[in-house]
Amino acid sequence: MILITLLGDDLSILTPIIYEFKDQINHHIIVHDDASDDSRRAIQLRNGLARFSGEKAFKFETTLVALDEDSKNDIVRLYHTVRATYEGEILLHSTQGFASFALILSNLVLADGGKVVTYDARDNELNTIEGTTITRSKLESRLSVKDYISLLNYEVLDAERHLYLLKRKERVLNLFKDHNRFLLLRNALTKDDNYFDYDSHGDMLDILSSLEIVDENQRLIPSEKMILEGTLFEEYVFWLCEKMGFDDIALGVKIDFDQGNETKQQNRVMNEFDILMTHNNRMYTVECKMVRLLDGLEYVYKYDGLVDILGYGSKAILLNVSKQEMEAYQSTKISKNFRPSAIRRARMNDIEIYHDTHINPIIFSNLLRNFFNLPQ
């Protein structure tokens, strides 16, 4: 099969199709306009496919072809060159292409007995045109978190190992069965409060000891302070998400997004995500904050940009458990951390807010299911 991919503004629309047909493709051609932005994205996609191939070994190479989108002769010449150079059926992916590219090449491919496909990313469905027939089908393949990132030519630098998390699962879940009680103990340990009634929290201290967060004297080990204050909460939320049926899920994912030639690691564009999930070839994330004070609007702005980088259909939930005074507002709560304008701005940009004094597992699970369009 010869796959011709018409480049557009969002590479995440293209990679699921390439991945779906990866075992059938003999030659892959990315067609793009000769504008500088399009050339940059084409190189990013080609490099992402090469990065992925280094891990999973695609059997095909990718060729870039720059054309003038307004030149019918260039487009027709391209098709005849492809047909003269390669043997096999042609599959044209036209979802993201310029109208001129898509229309002219579609007519040429269909007249020559090939197929044209478009991808509905929202429903993860493929529309296939062959002759005068249109068929609709679900994509069979599902991208993992690492594969999704790699195909966009981003690099996963670090993530927690699932086996490590699994060994801690029951202990972490037990800590949060009584959220308020654990929060009192956590605050006492971090403040080294000598007047706190530690004896009444013996069961939780035993768990923290087994996790090597407190020492034999039931005092916080200084190097584990960050684990106690944040990572344990992230692990708890991870397990609430994990049971919801995502295709893949990862905790503590550090990603290098930089497409430049910066050699100093500290200067590169990197972000760490508390929880990343894939479902139906879309990427979702949950940011977990168990802190009293938070600049919620700043996090809305931050994740507005990150959701765009992750691609079409990506969404984020900002989860803040806090002891701030709150009042109900549009299915969540408002406080000094999240004011109404922050919540409204978030929802305009595929971001949802879960803000409360504790996590209600049932309410949070319903939010995950509805917001990320998971199966009932």
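We did not get these values from a lab; they are worked out from the coordinates using the rules stated. Quick caveat: nothing in here was measured; it's all calculated off a predicted structure. With ideal geometry, Cβ positions are generated from the backbone for all residues, glycine too; neighbour counts draw on all protein chains shown.
The charge dipole of segment 127-261, taken about the Cα centre with unit charges on the Cβ atoms of Lys, Arg (+1) and Asp, Glu (-1), comes to about 460 debye, rounded to the nearest 20. One decimal place: the segment HIS358-ASP258 gains 32.4 nm when fully extended, by the rule 0.36 nm per residue minus the C-alpha distance. Among LEU151, LEU318, THR63, which residue has its Cα furthest toward the positive end of the charge dipole of the chain, with +1 on Lys/Arg Cβ and -1 on Asp/Glu Cβ? Towards the positive end, the residue furthest out is LEU318.
Which net charge results for the neighbourhood of ASP248, defined as the other residues with beta-carbon distances under 9 angstrom from its beta-carbon, given Lys and Arg at +1 and Asp and Glu at -1?
With Lys, Arg at +1 and Asp, Glu at -1, the neighbours total 0.
Dipole magnitude for the chain: about 480 debye, using +1 per Lys or Arg Cβ and -1 per Asp or Glu Cβ, origin at the Cα centre. Using the Cβ of ASP308 as centre and a radius below 12 Å, the other residues enclosed give a net charge of -2, where K and R count +1 and D and E count -1.
Shown here: segment 157-371, whose C-alpha atoms stretch 51, 45, 33 Å along the first, second and third principal axes, sorted largest to smallest.
Rounded to the nearest 10 degrees, the angle from helix 296-310 to the longest Cα principal axis of the chain is 30 degrees.
Checking the a/c ratio against 1.5 first, then a/b against b/c, what shape does the Cα gyration tensor give for segment 2-141?
rounded
Under the combined filter of DSSP loop state and at most 12 neighbouring Cβ atoms within 10 Å, segment 259-301 retains these GluC sites (Glu not before Pro): GLU262. Give me the angle, in degrees from 0 to 90, between the Cα long axis of helix 361-371 and the longest principal axis of the Cα atoms of the chain, rounded to the nearest 10. Approximately 20 degrees, to the nearest ten. The loop-placed trypsin sites (Lys or Arg not before Pro) in segment 169-213, going by DSSP, that have at most 12 neighbouring Cβ atoms within 10 Å of their Cβ come out as LYS177. The candidate values are (i) -0.28, -1.23; (ii) -0.40, -1.17; (iii) -0.35, -1.16; the one derived from this structure for log10 I(q)/I(0) by the Debye sum over Cα atoms at q = 0.07, 0.14 Å⁻¹ carries the label (ii). Total lysine pairs in segment 136-242 at Cα distances under 27 Å, for residues eight or more apart or on different chains: 11. 7 Å from Cα along Cα→Cβ at both ASP9 and ALA50: what's the point-to-point distance in nm? In this crude label model, ASP9 to ALA50 measures out at 2.8 nm. Compared with the direct C-alpha span, the chain from ARG77 to GLU61 gains 3.6 nm at full extension, assuming 0.36 nm per residue.
Loop only by DSSP, 14 or fewer other Cβ within 10 Å of the Cβ. Give me the chymotrypsin sites (Phe, Trp or Tyr not before Pro) in segment 1-97 that pass, ordered by residue number. Here the chymotrypsin sites (Phe, Trp or Tyr not before Pro) that fit, given the DSSP loop and packing criteria, are TYR86.
Charges were assigned to the Cβ only: +1 to each Lys and Arg, -1 to each Asp and Glu. The resulting dipole of segment 271-366 about its Cα centre is roughly 200 debye.
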